[in-house]
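See structure below.
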Amino acid sequence: MLQQIDTKSTDSVSNLGIEIKGLNLNSKLPKEIIQKIRSAWLENGVAVFPNQDLTHDQFQDFSLEFGEFGDDPFLGGLEDKPNIVEVKRLASETASPFGGGWHSDWSFQSNPPAATFLLSKIIPPVGGDTLFANTQKAYEDLDEEMKLKIDDLKVVHSAKLPYADDGFYATEKETRSMNIITSKEAKKEQIHPLVKTHPETQKKGLFINPVYTSHILDFTDEESFLLLSQLYEHMTQEKYIFRHKWSENMLLMWDNRTVMHMAEGGYDGYDRLLHRITIANSA
């Protein structure tokens, strides 16, 4: 008998987020179930799997059902599992939360990852929500004049702001327990279309974010700043945002081609630990 999945919409006005229950991800799932999960994930941008107490191997095995491991150039993985990154903050730390600005994971790469998986291990009783913004819905709602203005524009992405050898993480005074790697390599630039078509759904979305998008190609600095600021203000309206509240042993997977995201703080004095895997874009 084919295993069924129990799905429930998050009821977010953003049209993001679906909770998937009735599955144990600690063993291999039939291909038909994986396809159902993929379809639900593509349609909703973010998939939530509660009550999943997975080992490192089980976490990797499930993630690999959706593609090959991605490249994480500025985050060091576990010694024995280099594709698993610990996203952690100790109770004693005072540094800002990792990932605290709106971004799409590794958008500065020539082929950014399709998916990011995050598995919660230690979750504080307060704070630490993850926010997701629907970049496709934000594009769809633009008026035709703005769409005509931006449809053929190119933008430059770079990791220099957070990860360069003179960037945020290299120059901050606070110490971190996370294995963050800073390098002059982060100053390399990559050009992408401002409006990208999703390779699987064929939906158009805004492929820009405040952390990694440095400027619009062939615009003056002022013109670029003004247009990007206008688009960011539009993209981060409440109607496009899904707020996820964590509990322990919860797995999230999101589509970097559909959403941008950010991490909130508010849990000073508490340990927090999640495990992260990125999956390459092969579509």
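The values are calculated or read from the model by the stated rules, or taken from the named source; none is laboratory data. Keep in mind that this is a model prediction, so the values were computed, not measured. Counting neighbours? That spans all protein chains shown, and the Cβs are built from the backbone with ideal geometry, glycine included.
What to note about this one:
- The lone exception for residue 156 - which of (1) within 21 Å of the chain's Cα centre (by Cα); (2) closer than 30 Å to residue 268 by Cα; (3) aliphatic (A, V, I, L, M) it fails: (2)
- Any hit, segment 242-251, residues being farther than 23 Å from residue 127 by Cα, at pLDDT 95 or above and either touching a helix residue (DSSP H, G or I) at 6+ places or on another chain (Cβ under 9 Å) or buried (at least 19 other Cβ atoms within 10 Å of the Cβ) (or both): no
- The residue of segment 3-34 that is nearest to residue 55 (Cα to Cα), among those that are charged (D, E, K, R) and in a loop (DSSP other than H, G, I, E, B), is 28.
- Near pairs, Cβ below 6 angstrom, 6+ apart or cross-chain, from segment 260-283 (within 23 Å of residue 232 (Cα to Cα)) to any residue that is aliphatic (A, V, I, L, M) and in a strand (DSSP E or B): 260/133; 262/131
- Among the candidates 151, 221, residue that is surrounded by fewer than 17 Cβ atoms within 10 Å (Cβ to Cβ), touching a residue at least 24 places away in the same chain (Cβ under 8 Å) and acidic (Asp, Glu): 151
- Residue within segment 198-215 that is under 11 Å from residue 156 (Cα atoms) and surrounded by fewer than 13 Cβ atoms within 10 Å (Cβ to Cβ) present: no
- Any chance residue 113 is in contact (Cβ under 8 Å) with a residue 24 or more places away in the chain, touching a Lys or Arg at 6+ places or on another chain (Cβ under 7 Å) and either surrounded by 14 or more Cβ atoms within 10 Å (Cβ to Cβ) or of a type outside the set (Gly, Ala, Ser) (or both): no
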